[in-house]
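Student: Sharing a structure with you now.
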Amino acid sequence: MRGSKILITGPTGQVATPVAEALAAENEVWGIARFTNPAARERLEKAGVHCETVNLAAGDFTGLPDDFDYVINLAVAKSGDWDKDLAANAESVGLLMAHCRSAKAFLHCSSGAVYDPPDDEPRAEHAALGDNHKPLFPTYSISKIAGEVVARTMSRVLDLPPPIARLNVPYGDNGGGAVYHMEMMLAGVPIPVPPGVPARYNPIHEDDIIATIPKLLEAASVPATTLNWCGDQAVSLQEWCGYLGSLVGKEPVFEESEQALRGNPTDSARMRELIGGATVDWRDGFRRMAAKFHPELVSS
């Protein structure tokens, strides 16, 4: 993407920061967030991102331009407060789409957490939805489902194409859940896992996230296009912890817990058909991530 005016929500987040920095190299990128961390804002501004303080949950976009070519909605709330999270994850989607109604496309990042977890088979986009993450994040799955519904409705009202991308486990040089697992191993802390079969996911590296964003925007349509945003390789939490442990010289210790999230593998067939598959092998990506956070232990 070159020469476009792009709005990114939640630019201080794990996923959005590298996206904003990459796109700012050849586009006019604006980022909106509360910016409670001055260092995170400074990093973005050094990369050329225009930062504007906005509380998405309040839905007040006074002073924010409305002439963006594209909007990339990567903001997420997991406070556990129903009113706050529904406002941030769902209501704000409709309000921002209304504000940016002249955009060519509005990429809405949803989550694989919207799928009901009856078993451990990969979920395709037509699979049943449900309260997947309730044990740890009581508002998350439901508010993300609500956000998808708002995006679909507003796209028809405004004729604004909203590709809806259900993100699996993101990771990369800017972090990810597996980093916490690595730190737990180094600290000798047991890693909680669900009882039964290994918890499988389809992790996707930030390089593939960045590379597929232009293709997602090109695939936008009304009614909304919904697809899984994930890696092609299904990997269990236990497997990646074992691999990370081999890199940092620590054997992972697992502790079964009913509160641990079950695996959430997703089918990547529709993604490959519409925008192409992921290219970063999970072992290569995890090694790079480990080297980024612990270069004294892992060579890049």
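Matching residues to (1) closer than 17 Å to residue 174 by Cα; (2) acidic (Asp, Glu):
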residue	(1), (2)
15	yes, no
21	yes, yes
38	no, no
48	no, no
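Student: For the subset of region 257-296 comprising residues that are in a loop (DSSP other than H, G, I, E, B) and more than 19 Å from the chain's Cα centre (by Cα), which member is farthest from residue 231 (Cα to Cα)?
Tutor: Taking the candidates together, the pick is 296.
Student: For region 180-217, which positions are of a type in the set (Asp, Glu) and either modelled with pLDDT under 95 or more than 21 Å from residue 164 (Cα to Cα) (or both)?
Tutor: Of everything in region 180-217, just one residue is of a type in the set (Asp, Glu) and either modelled with pLDDT under 95 or more than 21 Å from residue 164 (Cα to Cα) (or both), namely 183.
Student: Out of 83, 67, report the one residue that is without any contact (Cβ under 8 Å) to a residue 24 or more places away in the chain and acidic (Asp, Glu).
Tutor: 83 is the lone residue from the list that is without any contact (Cβ under 8 Å) to a residue 24 or more places away in the chain and acidic (Asp, Glu).
Student: Name the strands (runs of 3 or more DSSP E) wholly within region 1-99 that hold at least 2 residues that are farther than 23 Å from residue 208 by Cβ and either in contact with a helix residue (DSSP H, G or I) (Cβ under 9 Å, 6 or more places away or on another chain) or modelled with pLDDT of 95 or more (or both)?
Tutor: 28-33, 50-53
Student: Given (1) closer than 22 Å to residue 191 by Cα; (2) within 17 Å of the chain's Cα centre (by Cα); (3) β-branched (Val, Ile, Thr), where does residue 253 come up short, assuming only one miss?
Tutor: (2)
Student: While we're looking at this one, here's another question. Does residue 56 satisfy the condition of being over 16 Å from residue 76 (Cα atoms), in the same structural domain as residue 109 (by TED's automatic domain parsing) and crowded, with 19+ Cβ neighbours inside 10 Å? Quick ask: steps written out before the conclusion?
Tutor: Working: over 16 Å from residue 76 (Cα atoms): no; in the same structural domain as residue 109 (by TED's automatic domain parsing): yes; crowded, with 19+ Cβ neighbours inside 10 Å: yes.
So residue 56 does not fit the description; no.
Student: Mind counting the residues in region 162-180 that are touching a residue at least 12 places away in the same chain (Cβ under 8 Å), surrounded by fewer than 21 Cβ atoms within 10 Å (Cβ to Cβ) and more than 30 Å from residue 97 (Cα to Cα)?
Tutor: 2
Student: Can you confirm whether residue 102 is outside any helix (DSSP H, G or I) and more than 27 Å from residue 222 (Cβ to Cβ)?
Tutor: no
Student: What is the residue count in region 279-292 for residues that are of a type outside the set (Ser, Thr, Tyr) and either surrounded by fewer than 17 Cβ atoms within 10 Å (Cβ to Cβ) or in contact with a Ser or Thr (Cβ under 7 Å, 6 or more places away or on another chain) (or both)?
Tutor: The qualifying residues number 6.
Student: Which one of 189, 235 is loosely packed, with under 15 Cβ neighbours inside 10 Å and on the phi < 0 side of the Ramachandran plot?
Tutor: The match here is 189.
Student: Moving on to the next point. Can residue 150 be described as crowded, with 17+ Cβ neighbours inside 10 Å and outside any helix (DSSP H, G or I)?
Tutor: no
The values are calculated or read from the model by the stated rules, or taken from the named source; none is laboratory data. This one's a predicted model, so the numbers in the text were calculated from it and none came from an experiment. Don't worry about glycine lacking a Cβ; one is built from the backbone with ideal geometry, like all the others, and counts go over all protein chains shown.
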